[in-house]
Amino acid sequence: MKALVLFSGGVDSTTCLGIAADKFGADEVLALSVYYGQKHSRELDAAKKIAQYYGVKHRSLDLALIFADSDCSLLKGSSEDIPEESYAEQLAGTDGSPVSTYVPFRNGLFIASAASIALSNGCEYIYYGAHSDDAAGNAYPDCSKDFNDAMSKAVFLGSGNKLRIEAPFVGLTKAQVVAKGIELNVPYSMTWSCYEGGSKPCGVCGTCRDRAAAFAANGIKDPAITED
Ligand SMILES: [Zn+2]
């Protein structure tokens, strides 16, 4: 194995998987999906199907217990509703705190777990799909360039200089991520981003709005939205 891809089944990580599969070949790529106690399993179901589509090895990891004390609105045990606003609206008037859908240190935990699994499988790279829109306004501080630089250094040193982080979208917007994916024929119709677990995306949560805007900026309708 060459590369481990942190893989949620959403737009960004599926684009990462497309990049890694294109670069190394499916046989050299391990996709890792993490269950962290989210309210629904739609994205993990999508992840499984997309991994099959690409023909990559897929592993799932359950880290829900680590977030048992969190009141993050994405989590099953939370009393908070998932906001039906854009990230800009959610961040307006706050003191720079993360949004309610920020899962405490999620990317830090995922990357650390991924590093252990990557080393055990002989991988040289960990791919993950953080992009600049998510870091804007400190909405998700564990998507920022500074965070990525620090984690990259930690992973490289802690692995005995064997493992590197590739975060190809850290300086890009979500619209630019989608543009890259369109080039690579990423199967966006199979992806799931919505924070709600309905039969189809809700269209009003922060991630649904972001995703629709990213496709619109590329002049196409979100291929996961089907009319019925
Ligand atoms: Zn939604």
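The residues of segment 205-218 that are closer than 18 Å to Gln38 by Cβ and of a type in the set (A, V, I, L, M, F, W, C), listed by number, are Cys205, Cys208.
If only one of Cys194, Cys208 is over 19 Å from Tyr128 (Cβ atoms), without any contact (Cβ under 8 Å) to a residue 60 or more places away in the chain and surrounded by 17 or more Cβ atoms within 10 Å (Cβ to Cβ), which one is it? Spell out how you get there, then give the answer.
Working: Cys194 fails: without any contact (Cβ under 8 Å) to a residue 60 or more places away in the chain.
The conditions single out Cys208.
Taken over segment 102-116, the criterion of being surrounded by fewer than 16 Cβ atoms within 10 Å (Cβ to Cβ) and polar (S, T, N, Q) is satisfied by Ser116 alone. Restricting segment 40-57 to residues that are surrounded by 19 or more Cβ atoms within 10 Å (Cβ to Cβ) and touching a helix residue (DSSP H, G or I) at 6+ places or on another chain (Cβ under 7 Å), which is nearest to Gly9 (Cα to Cα)? Among those that are surrounded by 19 or more Cβ atoms within 10 Å (Cβ to Cβ) and touching a helix residue (DSSP H, G or I) at 6+ places or on another chain (Cβ under 7 Å), it is Ala46. When residues in segment 117-144 are screened for being surrounded by fewer than 16 Cβ atoms within 10 Å (Cβ to Cβ) and modelled with pLDDT of 95 or more, 3 of them pass.
Is it the case that segment 177-199 has a residue that's within 16 Å of the ligand (Cβ to nearest atom), outside any loop (DSSP other than H, G, I, E, B), out of contact with any Gly (no Cβ under 7 Å at 6 or more places or on another chain) and on the phi < 0 side of the Ramachandran plot? Taking every residue of segment 177-199 in turn, none turns out to be within 16 Å of the ligand (Cβ to nearest atom), outside any loop (DSSP other than H, G, I, E, B), out of contact with any Gly (no Cβ under 7 Å at 6 or more places or on another chain) and on the phi < 0 side of the Ramachandran plot.
The values are calculated or read from the model by the stated rules, or taken from the named source; none is laboratory data. Treat the numbers as computed from the prediction; the structure is a model and nothing was measured. In this analysis, Cβ positions are derived from the backbone assuming ideal geometry, glycine residues included, and neighbour counts consider all displayed protein chains.
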